[in-house]
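Take a look at the structure set out below.
The values are calculated or read from the model by the stated rules, or taken from the named source; none is laboratory data. Just so you know, these numbers come straight off a predicted model, no measurement behind them. Here Cβ is always computed from backbone atoms with ideal geometry, including for glycine, and neighbour counts include all displayed protein chains.
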Amino acid sequence: MQTPQPQSNKAKGIPEEYSWKGYTTRRYKYFPNRNRKQTAVYSWLDALAENDSHNILANKAFIKVLADVPEEGAKKSPKEEAKALIGFTAFGYLLAEVIDRHNESKEEMWKEYARPESFAEVVVSGTDVLFTRAAHRPGDPRLGSIVTDGRDGTFVLIGFPADEGCVRNGGRSGAKGGPEAFRRFFHGMGTVVNPEYDVDLRDYLTVSDAGNVAGDTLEDMHAALREVVADVVQGGGIPIVIGGGNDQSAPNGFGALDGLQRKHGGRDGGEGGAAPPLAIVNIDAHLDVRPLMDDGRPTSGTPFRQLLESGQIEHGNFTEFAAQGSQCSADHAEYVCDRGGRIVWLSQLGGEITPNVFDHCVLGPAARKAFFLSFDIDSIQSSDCPGVSCPATVGITAADAMEICRRCGAHDGLTVVDFSELNPAVEDYRTPRLVVNLVYNLLLGYALKQKGKRS
């Protein structure tokens with residue numbers, strides 16, 4: 001018995017330009033960097049799998065084809081050609097099902113979204129649809145189900161998509177993609193109802209997303225960030241800023257100071273009474289108190305010198321936590337101490353950050369004060385956190401980092417939080433997910449504290 005032969009694209013009425021062959025002839029125009037392409041498609045596959053997408057086998061087939069297909073012009077076996085066409089076609093029809101924003105038939109959707117020039121749009125749109133579904137899964141709501149646009153939440157997400165400060169400091173570029181990488185996972189992660197801690201986040205907090213700050217220059221972006229943070233703090237919200245380079249910590253600190261002044265009777269009026277002093281905790285392998293550049297421009301290494309020299313941070317209200325002597329100059333350490341700051345070296349922690357140690361070193365001195373938590377994630381060991389601008393062989397663990405965030409979330413004076421140096425150009429799956437978990441634990445700590453107050 002003769003095996004039926006698959007129908008050709010021509011016989012199916014699919015134009016050559018929409019076929020696998022037509023696609024691959026132009027594919028490298030849109031994916032010129034093979035390694036970056038591989039990273040992108042595999043990360044999306046992982047995201048789809050994590051969110052329990054239906055028909056995942058079709059995704060796997062297509063993603064594998066995109067990642068592993070030989071260079072243009074290279075020979076492929078008939079089997080490879082068949083797998084390519086099957087995977088691509090199956091994925092095209094899957095997109096027709098999941099991107100539910102048109103009423104055309106599947107065939108028309110296939111033709112529209114198979115175009116190479118629209119592929120990037122498909123990836124974004126398809127991922128958004130799947131994450132939205134994941135966030136609202138019946139019986140298992142995730143963080144995306146409680147996020148609204150704007151600045152009205154108990155916590156307000158702000159993106160700082162800039163890495164010019166890292167480059168000025170001699171570091172690697174790529175951190176400008178941090179906010180996008182974070183949001184790619186945020187909506188589908190983090191249970192809203194946590195059975196381990198017996199808490200429903202919805203009972204105690206709300207989350208808003210104010211989007212990304214923008215500007216023509218780094219200095220413009222700093223000014224915009226400072227104003228957004230001030231506005232949120234004045235309104236009683238707690239900004240969570242996702243970077244981006246660590247230079248963001250200067251405008252975040254100044255924005256918090258501005259917002260506190262306005263809130264407590266500053267230039268725009270307010271609630272009255274003196275604004276509380278701002279205590280800053282920098283969790284970082286580095287001290288970040290370098291001088292400004294010769295032309296007066298800031299870098300990712302200057303934010304805390306900028307804040308300390310402003311005269312607005314009182315003596316004893318600055319703590320460097322988990323700093324590493326192998327990455328900090330003696331002059332900079334002396335500067336911190338001369339300015340009334342404290343340094344808790346990584347070696348002093350004995351390989352473990354217990355709640356008592358953190359409370360004694362950090363939260364105790366910050367009691368009854370407004371509290372700025374600046375978390376440079378390169379303080380986390382690279383085996384747990386590889387996707388940063390300057391990975392560290394040693395550092396605190398991911399478990400330590402989550403415990404820190406949970407305890408800081410419960411601090412009554414928590415005023416602003418930032419996470420710096422997320423660099424998806426280095427690694428774009430494990431590390432963004434870790435940052436989402438850090439934010440989740442911050443929210444969890446806040447909810448648990450509020451629950452305790454009500455009980």
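For every residue, the table says whether it meets (1) among the acidic types (Asp, Glu); (2) closer than 21 Å to Leu201 by Cα; (3) surrounded by 20 or more Cβ atoms within 10 Å (Cβ to Cβ); (4) in contact with a helix residue (DSSP H, G or I) (Cβ under 9 Å, 6 or more places away or on another chain).
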| site | (1), (2), (3), (4) |
| --- | --- |
| Arg406 | no, yes, yes, yes |
| Leu414 | no, yes, yes, yes |
| Ser420 | no, no, yes, yes |
| Asp428 | yes, no, yes, yes |
| Val435 | no, yes, yes, yes |
| Tyr440 | no, yes, yes, yes |
Do we have any residue at all in the stretch 387-405 that's within 25 Å of Pro277 (Cβ to Cβ), assigned by TED's automatic domain parsing to the domain that holds Glu164 and not aromatic (Phe, Trp, Tyr)?
yes
Determine if the stretch 437-455 includes at least one residue that is at pLDDT 95 or above, out of contact with any strand residue (DSSP E or B) (no Cβ under 8 Å at 6 or more places or on another chain) and hydrophobic (A, V, I, L, M, F, W, C).
no
Can you tell me which residue among Asp258, Asp209, Asp247, Asp231 is part of a strand (DSSP E or B) and touching a residue at least 12 places away in the same chain (Cβ under 8 Å)?
Asp209
Tell me, yes or no, whether the stretch 142-149 has at least one residue that is of a type in the set (D, E, K, R) and more than 21 Å from Thr302 (Cα to Cα).
yes
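Residue-by-condition table, conditions (1) over 19 Å from the mean Cα position of the chain (by Cα); (2) touching a residue at least 60 places away in the same chain (Cβ under 8 Å):
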site	(1), (2)
Gln348	yes, no
Glu352	yes, no
Ser382	no, no
Pro391	no, no
Ala399	no, no
Ile404	no, yes
Asn423	no, yes
Pick from the stretch 389-404, criterion in contact with a strand residue (DSSP E or B) (Cβ under 7 Å, 6 or more places away or on another chain) and among the hydrophobic types (A, V, I, L, M, F, W, C), ranking: surrounded by the fewest Cβ atoms within 10 Å (Cβ to Cβ):
Val394
Tabulated pairs, the stretch 438-455, first touching a residue at least 60 places away in the same chain (Cβ under 8 Å), second of a type in the set (Lys, Arg), C-beta under 8 angstrom, 6+ apart or interchain:
Leu442/Arg406; Leu444/Arg406; Leu448/Arg406
Scanning for something at pLDDT 95 or above, in the same structural domain as Ile238 (by TED's automatic domain parsing) and not acidic (Asp, Glu), does the stretch 355-362 turn up at least one residue?
no
Hey, could you check the stretch 212-228 for residues that are assigned to a loop (DSSP other than H, G, I, E, B) and not charged (D, E, K, R) and say which is nearest to Thr415 (Cα to Cα)?
Val213
Please name all residue pairs, on different chains or six or more residues apart, with Cβ atoms under 6 Å, provided the first residue is in the stretch 307-331 and is closer than 27 Å to Pro277 by Cα and the second residue is acidic (Asp, Glu).
none
Please work out which residue is surrounded by the fewest Cβ atoms within 10 Å (Cβ to Cβ), limiting yourself to the stretch 354-380 and to residues that are of a type in the set (Val, Ile, Thr) and touching a residue at least 60 places away in the same chain (Cβ under 8 Å).
Val362
If only one of Pro303, Pro277 is under 23 Å from the mean Cα position of the chain (by Cα) and buried (at least 16 other Cβ atoms within 10 Å of the Cβ), which one is it?
Pro303
